[in-house]
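Okay, so here's the structure we're looking at.
We did not get these values from a lab; they are worked out from the coordinates using the rules stated. Keep in mind the model is a prediction, meaning the values are calculated, not measured. Note that each Cβ is placed from the backbone with ideal geometry, even for glycine, and that neighbours are counted across all protein chains shown.
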Amino acid sequence: MTDVVVIVPARDEEHRVARCLDSVGEALRRAREQGTVARAAVAVAVHRSADRTGEVVAEALAGLADVEVFCRLDPDSTTVGAVRAALVAAACDGLGLGPSPDRWVFSTDADSVVPHTWVTGMLEHAEASAAHCVAGLVDLEGWRAHPAAAAAYRGILAEGLDGDGHRHVYGANLAVRLDAYAACGGFPAVPHGEDHGLVRRLRATGHRVAPVHEPVVLTSARMPGRARHGLGDLLDRLVSGCACCAG
């Protein structure tokens, strides 16, 4: 049996975070029903929000049944990497989850929706490949770009695919064994690319990373995104660089 804590950073996400947390709660519930997961927890960092994100998070967490919850107000972290790293540390301390091979940290974003097979699917991949980390893909919600920009995005995705695996990394769809996370130093406190940074640290310390095509997380296609140089900025650049869109 496995213990799982899902971490979710949230900044000015009052309109999306409840849907995210509901989907996470459902994925954890199903994993527990199937006997895959023993302890299930959701941890949220409300990061420098100027809207009702904190209130919405509190209401959403209160509505999750049979799931432990943890909420951290983070007014000080200046990078998304620092937010994720501080949340993992605080949540594990608050929930009493020390590094162990049978404990996993799952990462997603407040503007994302995970499928109900998310937790069970990622853990199945981890077991099948003896992996310390599983890196999944995302699909876009609400991106109504010109066909040329959409084709450019599909080209970027295709370039990163490698048979049954891929070379993409998304903080919205990532799972890492807690002992491996602790051993490699966790998320780096960088302004962007903290998900790639974590995977690089894991590989550099000899841990196995399994890039998988399923399950896929649905994530917002807003432009620009909350994090600079993230997915939203990439989509914005593709649209801006498309002569048909710019014209």
Report the extension gain between HIS116 and ALA65 in nm, rounded to one decimal, defined as 0.36 nm multiplied by the number of residues separating them, less their alpha carbon distance.
16.8 nm
Label point 7 Å out from ARG48 along Cα-to-Cβ: which residues of segment 60-100 have amide N under 18 Å?
72-88
LEU140 paired with ASP93, simple spin-label distance in nm, labels 7 Å along Cα-to-beta-carbon:
4.0
Simple spin-label estimate for SER100/ASP164, 7 Å along Cα→Cβ, in nm, reads 3.0
Given backbone amide H placed at 1.01 Å from N, residues whose amide H is under 5 Å from that of ALA45, ignoring those fewer than 5 places away on the same chain, are VAL8, ALA10, ARG72
Nonlocal amide H pairs with GLU14, under 5 Å, H built at 1.01 Å
ARG52, THR53
Footprinting proxy, THR205, THR219, THR53: sorted fewest to most Cβ within 10 Å, the residues are THR205, THR53, THR219
